[in-house]
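Below you'll find the structure, written out as structure tokens, and then a few comments.
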Amino acid sequence: MSAPPLAVVILAAGKGTRMRSSLPKVLHPLAGVPMIRRVVNTALTLTDAVTVVTAPDADAVRESLSDSGVTFAVQEQQRGTGDALAAALTALPASARQVLVLCGDVPLLGNDTLKRLRAATPEEALGLVTARFPDPKGLGRILRDGEGCITAIVEERDATPAERRIDEINAGIYLLPAQRLGDWLGQLSSDNAQGEYYLTDVVRFAVEASLPVTAVTCEDLAEVAGINDRAQLVRLERLYQQRVAERLLAAGVTVMDPDRIDIRGELEAGEDTIIDVGCVFEGAVTLGRGVRIGAHCVIEHATIDDGAVIAPFTHIHGAHIGCDARIGPFARLREGTDIGAGARIGNFVETKKTRLGAGSKANHLAYLGDATLGSGCNVGAGTITCNYDGVDKHPTRMGDEVFVGSNSTLVAPLELADRAYVAAGSTITSRVPADSLGVGRARQRNIDGWKRPAKPKQTD
Ligand code: UD1
Ligand code: CA
């Protein structure tokens, strides 16, 4: 039998005061992705009917999800989790038979656990996700009777000392029968330690109505970890990063220290690739086989082919790097950079919208913007493409085996044809033909017998 039609409600209107932040709690990122986005993505694997409950002033949350297709409900006042779900009731599709409640601050809950919850919860029953926490402080505890049946959830602040010793906790994830919800939420009272309408009270109502209450236990505590403050967020971040590092290790990639890597996106890497300590990867990054990434590189939205070597302290954003190329240390490769096979970009070289053909080199201290270089070119230290006239950007084109002497100023638009040679220190403003030398500087003259300036003699 297929599962009954489902709607998901994500509670995300809480104040998040414990974050001490002007950014709404659920927008704080975990591994580069806002927590709420992770929860929404998981929800969308189950159904298209996803409603996010936000506070009235949470425009930033709604904007950050505007492309996701979810609907929003507004909870006027933050009066507790039960009140938050009540705010979403009118937004639910009439066809929904079950309502899955997720929390915007439980970012790593996996859809396998949710599938288990659905499989374990008949349409008329109330389903919960629980876990055993060595330190359950601050969380709602699961109360069970002598037969092991769940009877209620009690919040830490309302619990007796004996109840506080219970280590089975409520993860804040519920699968509820849709047609009971209006009735149950209408019965909630705020007569508790926090003066809030607790969603957890619906468990008691289900028990009173003799409905089955089922629970699935989640063994992976990271999945059910709720984030209330920054310490919890960074601890969960480290745990997540270690797991990503372990997966890379298992796939044949050496991560020199799994405690010192940050992958804030999707990193794919081939076998025998080595990643030294302190590197940050953002967005989609693909590394081929046998790539070496030196310490403290930041690599965003990039593809790096087999055998390329990225030396330490290099920043790459939006670039493709060909096989066996060598980059850095201290290089900055910006958007639209395409480095050919075996090419070389050395220290303090910046590139933007620039193609280097195979084997071309810019070994030190240069800026190459809007430039296309053929193969086997050599760009000397201190060379600058003057690509911007204050209004427009202009291209520089070099053929193959062009040699640009040190400290040259290449005023674009400009073409240096095959095997053109530019004398060091030149300012080049017009085309240099193939096999020609371009010299664009004043001729040196020497003045014989030149007297150095001298300080006038002191007289007293
Ligand atoms: C809640 C549960 C607790 C459980 C824990 C798991 C209740 C009463 N307690 O406690 O049993 O162990 O989650 O993480 O439900 N929210 C709103 N509007 C509100 C209040 C909260 O939308 O008025 C949202 C928050 O944004 C958050 C979620 O509901 O995403 C949980 O709220 P929070 O205040 O963090 O509850 P906990 O104290 O963690
Ligand atoms: Ca919480």
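The values are calculated or read from the model by the stated rules, or taken from the named source; none is laboratory data. These figures come from a predicted structure and were not determined experimentally. Quick reminder, even Gly has a Cβ in these numbers, built from the backbone with ideal geometry, and neighbours come from all protein chains shown. Calculation scope for accessible area: heavy atoms of the full protein, side chains included, ligands and nucleic acids excluded. Shrake-Rupley method; radii C 1.70, N 1.55, O 1.52, S 1.80 Å.
Observations, loosely collected:
- Three-way shape call for the range 172-224 based on the alpha-carbon gyration tensor, with the a/c threshold at 1.5: oblate
- Note on the chain: Lys pairs 8 or more places apart or on different chains, Cα atoms under 24 Å apart, count 8.
- Low-density loop cleavage sites - GluC sites (Glu not before Pro) in the range 125-174, where at most 14 other Cβ are within 10 Å (DSSP): Glu147
- With an a/c value of 1.5 or above and a/b larger than b/c for the gyration tensor axes a ≥ b ≥ c computed over the alpha-carbon atoms, the range 253-438 is described as prolate.
- Scalar couplings 3J(HN,Hα) for the range 359-366, obtained by applying the Karplus form with A = 6.51, B = -1.76, C = 1.60 to θ = phi - 60°, are x, 6, 9, 9, 7, 8, 6, 9 Hz; x denotes Gly and Pro.
- The relative contact order of the range 253-438 comes to 10 percent, based on Cα pairs under 8 Å that sit 6 or more residues apart.
- The range 1-66: trypsin sites (Lys or Arg not before Pro) in DSSP loop, at most 13 other beta carbons within 10 Å: Lys15, Arg20
- Mean accessible surface per residue for the chain, computed with a 1.4 Å probe while every protein chain stays in place, in Å²: 49
- With DNA, RNA and ligands ignored, accessible area of Thr42 (1.4 Å probe; Å², nearest 10): 20
- Centre separation in Å (Cα based) which lies between the range 421-460 and the range 64-110: 72
- Accessible area of the range 6-224 belonging to carbon and sulfur atoms, whole % at 1.4 Å probe: 47
- Summed over qualifying helices (DSSP H, 4 residues or more, each -39500 (n - 2.57)) and divided by its residue number, the chain shows a 222 nm mean residue ellipticity of -5000 deg cm²/dmol.
- Antiparallel DSSP beta bridges within the chain, as percent of all bridges there, nearest 5: 15
- Under 5 Å, built H, 5+ apart or other chain: amide partners of Arg264: Phe281, Glu282, Gly283
- Under the Karplus curve 6.51 cos²θ - 1.76 cosθ + 1.60, θ = phi - 60°, whole-Hz ³J(HN,Hα) for the range 273-282, x wherever Gly or Pro sits: 7, 10, 10, 7, 6, x, 8, 10, 10, 10
- Full-stretch length increase - Arg334, Ala250 - with 0.36 nm per residue and alpha-carbon distance subtracted: 27.1 nm
- q = 0.08, 0.10 Å⁻¹: log10 I(q)/I(0) that the Debye formula gives for the chain, counting C-alpha atoms only: -0.64, -0.82
- Under the Karplus curve 6.51 cos²θ - 1.76 cosθ + 1.60, θ = phi - 60°, whole-Hz ³J(HN,Hα) for the range 392-400, x wherever Gly or Pro sits: 10, 9, 10, x, 10, 10, 10, x, 8
- Taking amide hydrogens as placed 1.01 Å from N in the peptide plane, the amide H of Ala269 sits under 5 Å from those of Leu287, each at least 5 positions away in sequence or on another chain.
- Loop-located trypsin sites (Lys or Arg not before Pro) in the range 352-447, at most 10 other Cβ atoms within 10 Å (DSSP): Arg443, Arg445
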